[in-house]
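> Below you'll find the structure I mean.
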Amino acid sequence: MSFPPHRQPPSPADAAPPAGRVDPALADRLTDAVLLAGLPIAFGDHGPGVRIRPARPADDGDRCAGTAALDWLPSPRLTGAAVAEPGRAAGSAREVVETAMVNALAEFLPALGLETYRDRTGRELRVAGEAAAGGELRIPPGVLVARPAGRTPAELGLPEGLVRTVRRGAALAGLPLAAHLGATGITLAPAAPTGGADDRDGAADLGWNPSRRLADLADSDLPEAARAAAARAAVDGALRHALGTALRACGTELRWLHAHQRLRAYGESAPAARR
C-alpha cells in the first residue's frame, strides 16, 4: 500500500497557533472526519483510536505551527504486551497495526476534504492548519433515516469460534466490530461462493460500515450524496485493506480474494500477542 506523494507543508498563516498546539478548527474537522469514517478517537495517550496531536518539528526549519499529526493507538492490552515484550511478537503486531491504520487515514481523508502529507523524515502523517478553512463534507441535519438493523453474526449462522476470533483480533487492534450488518465497524457475512479453493465451510467475508451519517447521506437524493458516496467508497477501500493487515497481525487467518475484491476470514492463526 503506498502513501500519497510527498508534499512540503504549506507556510503557516500569521494567525496560526504557536508550535505545540493544533489549530482548534482543524482538530474539530479531523475529529468529525474520523468519526464519519466510523473510527474511534483516542484522547491523550490512551487508545484505542486516532490520536490527533501537534506535529513535531523535524528540524529547526520545519515550520509546523498549528499542524496536526495523526497516530493510531491500538488497545491498551496490545500496547502493554508490546512494552512488556519489546522486539517480540506483540511489539511487531503493534507496529503493523499502527502502520496499517495510519496508511488508511492517508488514503481516505482526502475524500473527506483533508489533504495529508508526510514530514521531511517520512514518519509523521500531517494535516496542515490551512485545511480548516473549508472544503469539508458537510452532513445536513436530519439526514438519518429509519432502516432495519440487519442480522447479527449468530442470526447469519456464522461459527461462534470464527466470530470470537475476529472480535478478539479487532479488540486488540482497537477496531470496532459491528454487532449487526447495519452497525458501524467491521461486518461479518457468510462467505459468498467463488467456485475456488477459497470456499471453505465456516468462513466469513469481512466488510466495513462507516458512520450512519455518512452512509445515509450517500444513499440520499440530496446534492451532497455523490460526494458522500465517493467518500464512503474511499473509506471502505482503505479500511478493508488495513483490516487485512491489522487483523492478521492480531491472530486472524485471512486471505484477500483479489479477483472478487473480498477479504475472507477463516479462523485463528498463530497469535501475535498474548491475550
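The values are calculated or read from the model by the stated rules, or taken from the named source; none is laboratory data. Values in this document were obtained by computation on a predicted structure and should not be read as measured data. Every residue, glycine as well, gets a Cβ built from its backbone with ideal geometry; the counts of neighbours run over all protein chains shown. Side chains included, ligands, DNA and RNA excluded: accessible areas come from the protein's heavy atoms. Shrake-Rupley method; radii C 1.70, N 1.55, O 1.52, S 1.80 Å.
> When you scan the stretch 104-121, how many residues do you find that are open to solvent by 20 Å² or more (accessible area, probe 1.4 Å), over 13 Å from residue 69 (Cβ atoms) and not in a loop (DSSP other than H, G, I, E, B)?
Looking only at that region, the number is 3.
> If you go through the stretch 63-75 one residue at a time, do you hit one that is touching a strand residue (DSSP E or B) at 6+ places or on another chain (Cβ under 7 Å), closer than 25 Å to residue 20 by Cα, of a type in the set (S, T, N, Q) and buried (at least 24 other Cβ atoms within 10 Å of the Cβ)?
Scanning the stretch 63-75 turns up at least one residue that is touching a strand residue (DSSP E or B) at 6+ places or on another chain (Cβ under 7 Å), closer than 25 Å to residue 20 by Cα, of a type in the set (S, T, N, Q) and buried (at least 24 other Cβ atoms within 10 Å of the Cβ).
> Look at residue 161 and say whether it is out of contact with any helix residue (DSSP H, G or I) (no Cβ under 6 Å at 6 or more places or on another chain), part of a loop (DSSP other than H, G, I, E, B) and either open to solvent by 10 Å² or more (accessible area, probe 1.4 Å) or within 15 Å of residue 38 (Cα to Cα) (or both).
Criteria not met by residue 161.
> For the stretch 191-218, which positions are open to solvent by 10 Å² or more (accessible area, probe 1.4 Å) and part of a helix (DSSP H, G or I)?
Once the filter is applied, which keeps residues that are open to solvent by 10 Å² or more (accessible area, probe 1.4 Å) and part of a helix (DSSP H, G or I), the stretch 191-218 yields 212, 213, 215, 218.
> Let me ask you something else. Quick check on the stretch 251-263. Is at least one of its residues under 26 Å from residue 99 (Cα atoms), β-branched (Val, Ile, Thr) and touching a helix residue (DSSP H, G or I) at 6+ places or on another chain (Cβ under 8 Å)?
yes
> Any residue that is at positive phi, in contact (Cβ under 8 Å) with a residue 40 or more places away in the chain and out of contact with any Pro (no Cβ under 7 Å at 6 or more places or on another chain) - is there at least one of those in the stretch 119-134?
Yes - at least one qualifying residue is present in the stretch 119-134.
> Looking for whichever is touching a residue at least 12 places away in the same chain (Cβ under 8 Å) and closer than 20 Å to residue 78 by Cβ here; the options are 243, 263. Which one fits?
Of the residues listed, the single one that is touching a residue at least 12 places away in the same chain (Cβ under 8 Å) and closer than 20 Å to residue 78 by Cβ is 243.
> Ok, one more. Can you report the number of residues in the stretch 127-158 which are surrounded by 15 or more Cβ atoms within 10 Å (Cβ to Cβ) and either within 23 Å of residue 212 (Cα to Cα) or hydroxyl-bearing (Ser, Thr, Tyr) (or both)?
8
> Would you check which residues across the stretch 181-216 are under 15 Å from the mean Cα position of the chain (by Cα) and either closer than 28 Å to residue 136 by Cβ or touching a residue at least 60 places away in the same chain (Cβ under 8 Å) (or both) and list them?
Result: 184, 185, 186, 187, 207, 208, 209, 210, 211, 214.
> Same structure, new question: Starting from residues that are acidic (Asp, Glu) and out of contact with any helix residue (DSSP H, G or I) (no Cβ under 8 Å at 6 or more places or on another chain), keep the ones in the stretch 57-87 and report whichever is farthest from residue 116 (Cα to Cα).
Applying the filter and picking the extreme gives 60.
> List, please: which pairs have Cβ atoms under 6 Å, are six or more places apart or on different chains, and start with a residue in the stretch 63-90 that is more than 19 Å from residue 29 (Cα to Cα) and end with one that is among the charged types (D, E, K, R) and surrounded by fewer than 22 Cβ atoms within 10 Å (Cβ to Cβ)?
Hits for this filter: 73/51; 81/274.
> Condition check: surrounded by fewer than 16 Cβ atoms within 10 Å (Cβ to Cβ), without any contact (Cβ under 8 Å) to a residue 40 or more places away in the chain and more than 20 Å from residue 159 (Cα to Cα). Does residue 236 satisfy that?
no
> If you don't mind, there's one more thing I want to ask. Consider residue 124 against the criteria (1) over 15 Å from the mean Cα position of the chain (by Cα); (2) open to solvent by 30 Å² or more (accessible area, probe 1.4 Å): it satisfies all of them except one. Which criterion is unmet?
Every condition holds for residue 124 apart from (2).
> Answer yes if at least one residue in the stretch 43-55 is of a type in the set (A, V, I, L, M, F, W, C), without any contact (Cβ under 8 Å) to a residue 60 or more places away in the chain and open to solvent by less than 10 Å² (accessible area, probe 1.4 Å), and no otherwise.
Within the stretch 43-55, one or more residues are of a type in the set (A, V, I, L, M, F, W, C), without any contact (Cβ under 8 Å) to a residue 60 or more places away in the chain and open to solvent by less than 10 Å² (accessible area, probe 1.4 Å).
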